[in-house]
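Take a look at the structure below.
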Amino acid sequence: MAGGFDTLEHVSFMTATGIDPDPGIIDAIAASGVIVSITLGLLPGVHASPLMESLTPRILAHVKDMADRGVRITLGPDSGLNPAKPHTVLPYAVEQFAGAGVGAAAALAAATQTAAAACGLSGVVGRIAPGREADLLAVTGNPLANIADIHNVAAVYRAGVRVV
């Protein structure tokens with residue numbers, strides 16, 4: 001964007017009483033190619049504040065609208081922020097993003113390819129291809145058919161070496 005930055009955090013358009021997205025700003029973000037890191041994901045059974053609970057449907061609709069307008073989105077679930085967001089919360093953010101209506105493939109890409117791009121690592125990690133570092137999460141099931149299958153971890157590889 002004109003400000004000279006590579007990513008934007010949250011882009012929730014949150015106000016004191018709700019959210020008020022600006023379509024012109026969203027279109028400018030999409031046109032710029034800047035990546036937006038959205039904050040989603042809570043552990044099952046954990047509830048947000050009453051205000052956030054009431055806003056969640058609008059926030060998810062806003063996130064889907066940004067994706068539909070061509071905004072490049074990655075997931076920044078604020079892991080470790082509090083007990084509702086431990087360092088293991090990312091799969092729940094992927095699941096919630098898919099459930100917002102963007103679909104499983106887009107949600108998985110947000111957590112892999114787009115995340116790699118946001119970190120300046122597009123040519124190193126983020127997808128399975130020759131010459132890449134082979135950081136892999138293997139699951140049982142098919143997360144493209146059932147996004148909840150991302151919780152069924154069978155193995156984790158870092159640079160081609162199994163670590164779990």
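The values are calculated or read from the model by the stated rules, or taken from the named source; none is laboratory data. If you're wondering where the values come from, they're calculated on a predicted model, not measured in any experiment. Counting neighbours? That spans all protein chains shown, and the Cβs are built from the backbone with ideal geometry, glycine included.
Among the residues of the stretch 143-164, count how many are part of a loop (DSSP other than H, G, I, E, B), over 19 Å from Gln96 (Cβ atoms) and not hydrophobic (A, V, I, L, M, F, W, C). Let's see the steps before the verdict.
Within the stretch 143-164, the first condition is being part of a loop (DSSP other than H, G, I, E, B), and the residues that meet it are 143-146, 152, 159-160, 163-164.
Going one step further and asking which of them are over 19 Å from Gln96 (Cβ atoms), we end up with 159-160, 163-164.
Keeping just the survivors that are not hydrophobic (A, V, I, L, M, F, W, C) gives 160.
Counting residues in the stretch 143-164 that are part of a loop (DSSP other than H, G, I, E, B), over 19 Å from Gln96 (Cβ atoms) and not hydrophobic (A, V, I, L, M, F, W, C) gives 1.
Is there a residue in the stretch 13-27 that is among the hydroxyl-bearing types (Ser, Thr, Tyr) and in contact (Cβ under 8 Å) with a residue 12 or more places away in the chain?
Within the stretch 13-27, not a single residue is among the hydroxyl-bearing types (Ser, Thr, Tyr) and in contact (Cβ under 8 Å) with a residue 12 or more places away in the chain.
Go through (1) at pLDDT 95 or above; (2) within 30 Å of Gly160 (Cβ to Cβ) for Gly76 and report which single condition fails.
So Gly76 meets the others, but not (1).
Let me confirm something: among Ala134, Ala138, Ala145, which residue is in contact with a strand residue (DSSP E or B) (Cβ under 7 Å, 6 or more places away or on another chain), surrounded by fewer than 15 Cβ atoms within 10 Å (Cβ to Cβ) and modelled with pLDDT of 95 or more? Reasoning before the result, please.
Details: Ala134 fails: modelled with pLDDT of 95 or more; Ala145 fails: in contact with a strand residue (DSSP E or B) (Cβ under 7 Å, 6 or more places away or on another chain).
Of Ala134, Ala138, Ala145, the one residue that is in contact with a strand residue (DSSP E or B) (Cβ under 7 Å, 6 or more places away or on another chain), surrounded by fewer than 15 Cβ atoms within 10 Å (Cβ to Cβ) and modelled with pLDDT of 95 or more is Ala138.
To keep it simple, each residue is scored yes or no on (1) touching a Cys at 6+ places or on another chain (Cβ under 9 Å); (2) within 23 Å of Gly45 (Cβ to Cβ); (3) among the β-branched types (Val, Ile, Thr); (4) exposed (fewer than 14 other Cβ atoms within 10 Å of the Cβ).
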| site | (1), (2), (3), (4) |
| --- | --- |
| His87 | no, yes, no, yes |
| Pro91 | no, yes, no, no |
| Phe97 | no, yes, no, no |
| Ala100 | no, yes, no, no |
| Ala106 | no, no, no, no |
| Ala111 | no, yes, no, no |
| Ala117 | no, no, no, no |
| Gly123 | no, no, no, yes |
